[in-house]
Amino acid sequence: MRKQLLVVGIAAAVLIPSFAMAQQTCEQRSTNRAVGTVGGAVLGALLGSAVAGHGHKGDGAIVGGVGGAVVGNQLSKGDKDCQHAYGYYDSNSQWHANSVARSDANGYYDRDGNWIDGAPNGYYDRSGRWIASNTTASAAGYYDSDGHWIPSSANGYYETDGRWVAGTAPGHYENGRWVAGMTTGRYDRDGQWVSGEAGGHRDANGIWIADAQTGYYDSNGRWRAGAAQGYYDSDGRWIAMAPSTVTYGSNGYRQHTTDINGRIAGIYQHVDQDRRAGRLTRYQARSATRTLDSIRRDEAYAMRDGRLDQREEAMLTSRLDRLSAQIHYDHND
């Protein structure tokens with residue numbers, strides 16, 4: 001009978017509610033194992049008592065509770081916790097670094113508190129939407145001098161002690177050559193690197209907003225002057241970011257289309273850079289360009305009345321996502 005009850009207790013623990021493994025931030029993660037243990041014990045005790053035969057209710061509750069606690073503790077343990085996290089994004093899309101050994105880190109928490117396997121490779125736009133990057137995983141971030149992993153796209157991050165470190169970058173260009181290594185600073189209008197605190201400010205909500213950049217260095221180390229929005233990956237490759245000045249009126253229609261246009265322009269730029277660097281063949285580049293031309297024509301047609309509804313935007317975004325995935329595949333083929 002006791003053996004049967006133990007089996008029942010363990011089986012009951014499998015039904016532990018998902019809240020026991022829910023994760024919002026690293027701070028909250030430390031309480032989850034306790035929640036999992038208690039939740040497993042309670043559920044196991046209740047189910048063990050319910051299925052035990054007459055006269056064995058007490059034994060059923062005890063054995064079921066023990067079995068549920070054990071399994072609940074192990075289920076909530078896992079490897080999706082702060083001991084295995086590169087860090088996490090808060091609800092404002094700001095990166096919080098974490099102190100874990102490089103061999104232990106295997107994921108991170110997104111701005112919604114969801115666990116994502118692997119290191120972040122992309123950025124959040126101002127509307128809070130995640131935009132995946134086509135850069136290589138190895139160049140998606142870097143370790144600072146204290147061993148904290150920082151996404152290349154982050155224009156700053158929170159230290160483990162809560163201190164904000166503004167204007168960080170994985171390196172900089174010096175006389176047209178990429179110099180890797182964590183640094184802070186900015187480029188002047190002539191492309192000269194100025195070491196020190198990067199330009200920027202905090203908005204009314206206390207969120208760090210980096211100043212617009214005066215240009216960028218392309219994959220050949222040439223300075224391209226002009227307003228630019230983006231970041232360098234750890235290999236010194238410029239990753240263009242789509243402007244995110246999207247607003248919706250009370251009727252749900254889009255008032256500005258700069259992020260779609262900006263993303264199209266950014267992909268055109270990436271295709272050209274990849275072709276020049278030999279990462280894409282001429283055929284692959286032509287194919288990608290033809291697809292972009294088609295998307296741009298369809299976007300212009302959809303905008304004939306001066307606006308995009310949400311269905312049209314979703315369709316265009318999906319096509320751009322598929323094209324980006326194809327370029328990434330071709331790049332690594």
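R0 = 25 Å: FRET efficiency of I207 with A137, Cβ-based, nearest 0.05?
E between I207 and A137, to the nearest 0.05, is 0.40.
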Tell me, what ³J(HN,Hα) does each residue in region 219-225 have, in order and in whole Hz, if you take phi through Karplus 6.51 cos²θ - 1.76 cosθ + 1.60 with θ = phi - 60° and put x for Gly and Pro?
5, 9, x, 9, 6, 10, 6
Given a Förster distance of 30 angstrom, what is the FRET efficiency for N261 paired with S99, based on the Cβ-Cβ distance and rounded to 0.05?
0.15
Calculated from backbone phi, Karplus (6.51, -1.76, 1.60) coupling profile of region 134-148 in Hz, x at Gly/Pro:
9, 6, 6, 4, 5, 9, 6, x, 7, 9, 7, 5, 9, x, 8
Suppose the chain between D235 and A314 were pulled fully straight at 0.36 nm per residue; how much longer would it get relative to their current alpha carbon spacing?
25.2 nm
Cut-off under 5 Å, modelled amide H: who pairs with R126 long-range
S244
Amide H partners (placed H, <5 Å) of G87, local residues excluded:
Y109
Net charge (Lys, Arg +1; Asp, Glu -1) of residues whose beta-carbon lies under 12 Å from that of G236, G236 excluded, is -2
With labels modelled as points extended 7 Å from the Cα through the Cβ direction, what inter-label distance (nm, one decimal) is found for D321 paired with T281?
2.9 nm
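What ranking of T168, T183 emerges when the number of other C-beta atoms within 10 Å of each C-beta is taken as an exposure proxy, fewest first?
Fewest-to-most ranking of T168, T183: T183, T168.
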R0 of 22 Å, Cβ-Cβ distance T160-N106: FRET efficiency to nearest 0.05
0.75
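Read the figures in this text as sums done on the coordinates, not as results from a lab. Source: prediction; values computed, not measured. Ideal geometry is used to build each Cβ from the backbone, glycine not excepted, and the neighbour counts take in all protein chains shown.
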